[in-house]
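Written below as structure tokens is the structure these notes are about.
The values are calculated or read from the model by the stated rules, or taken from the named source; none is laboratory data. Please read all numbers here as calculations on a predicted model, not as lab measurements. Heads up, the Cβs are rebuilt from the backbone with ideal geometry, glycines too, and the neighbour counts pull from every protein chain shown. Side chains are part of the model used for accessible areas, which takes the heavy atoms of the whole protein and leaves out ligands, DNA and RNA. Shrake-Rupley method; radii C 1.70, N 1.55, O 1.52, S 1.80 Å.
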Amino acid sequence: MTDSILSVRNLRVVIPHRHGKLVAIDNISFHIQRGEIIGFVGESGAGKSMTGAAIIGLIDPPGYIERGEIWLDNLRIDQSVRGDAILIRGKRISMIFQDPLTSLNPLRTIGDQLMETILTHLPLSAEAARKKAIAGLEEVDIDPSRFGAYPHEFSGGMRQRVVIALALCAEPELIIADEPTTALDVSVQAQVLDLLKRLCRERGASVMLITHDMGVIAETTDRVAVLYAGRLAEIGPTQTLLSNPKHPYTRGLIASTPSVESGDIGTHLFQIRGTMPRLDALPPGCRFHPRCEQIMARCRSEQPEVAENGAACFLYEDD
Ligand code: SF4
């Protein structure tokens, strides 16, 4: 992993509102290396899905990118016109959503849907596309005899495997997976994540894995970005960040995750006091300050930026 497939620089996404603009993403910068699996974690409303939507050009109107740049390799994609955006989506970047039923057309067989995606993005004959579609199903452990089956004929876990086959069939360089296992039973979550991880590793594809689950982050990712109220709170290698979290919010998220090994089952878990602020009621200064147990005077008025150590917090300014 030596170079970046994606660079996001000073991204700001706003939503027009009757009293002005709501800032959903505020000055976020990060990169994704080729072949890397990077997790984006945080509570609901932190901006994880909005960041993924900005990358793939699917921000719901009236929201829009007000500032910043998004580069896919050496192509700037935040300014893509419609035709370019369609070519980039599905071909170079693909997306896996939480609920496979929203990604699959209930009126068409999964074979048809795979072939359509392949023929849209790859210069193949119909016969070659059919062979590739069948190979894609086999890769996700679905028997090719199901090529002509409809989405409702599959279980939830199998449908999500079909969606993974769809996401991979045009050989994308980056996959954005937005809570890909949240709608599945716990018993099949690990299978689906293992499959996604293995296939992406084999193909050298990068993955941006959006989740609220620290356990999924620990099991699956190389690096992790922690978002809070539309800003980056902390970013770094997964093992480093989990073993030595710096930002008080990251520490709170980890402390509130149950662990069988540490004997948390049956005991009271840590809770971060308060709730994530609404976009129309963001506090001044550090957005985490109303919930922070290490708050200092300046935190109420000054906004910390991500420092060399990966954390956006004044506690480490002298490091
Ligand atoms: Fe807490 Fe201040 Fe750090 Fe924000 S900057 S996380 S309020 S110590």
Placing each pseudo-label 7 Å from Cα in the direction of the beta carbon, PHE270 and LEU315 end up separated by a distance in nanometres of 0.9 nm
Given trypsin sites (Lys or Arg not before Pro), DSSP loops and at most 10 other Cβ atoms within 10 Å, the longest exposed-site-free stretch of the chain is 19-272
Rg (one decimal) and Dmax (whole number) from the Cα set of the chain, in Å, equal 20.5, 68
Taking 0.36 nm per residue of separation between LYS131 and GLU69 and subtracting their Cα-Cα distance, the length gained on full extension comes to 18.5 nm
Percent antiparallel among DSSP beta bridges confined to the chain, nearest 5, equals 60 percent
Relative contact order in percent for the chain (Cα pairs under 8 Å, 6+ apart) equals 20 percent
Heavy-atom accessible area with a 1.4 angstrom probe orders PHE97, PHE40, most exposed first, as PHE97, PHE40
Partner lysines whose C-alpha sits under 25 Å from that of LYS91, ignoring same-chain residues fewer than 8 away, are LYS48, LYS131, LYS132, LYS197
With only helices counted (DSSP H, runs n ≥ 4, each -39500 (n - 2.57)), the per-residue ellipticity at 222 nm for the chain, to the nearest 500, works out to -9000 deg cm²/dmol
Using the Kirkwood radius over Cα pairs of the stretch 1-58, the Stokes-Einstein translational diffusion coefficient at 25 °C and 0.890 mPa s, in µm²/s and rounded to a whole number, is 193 µm²/s
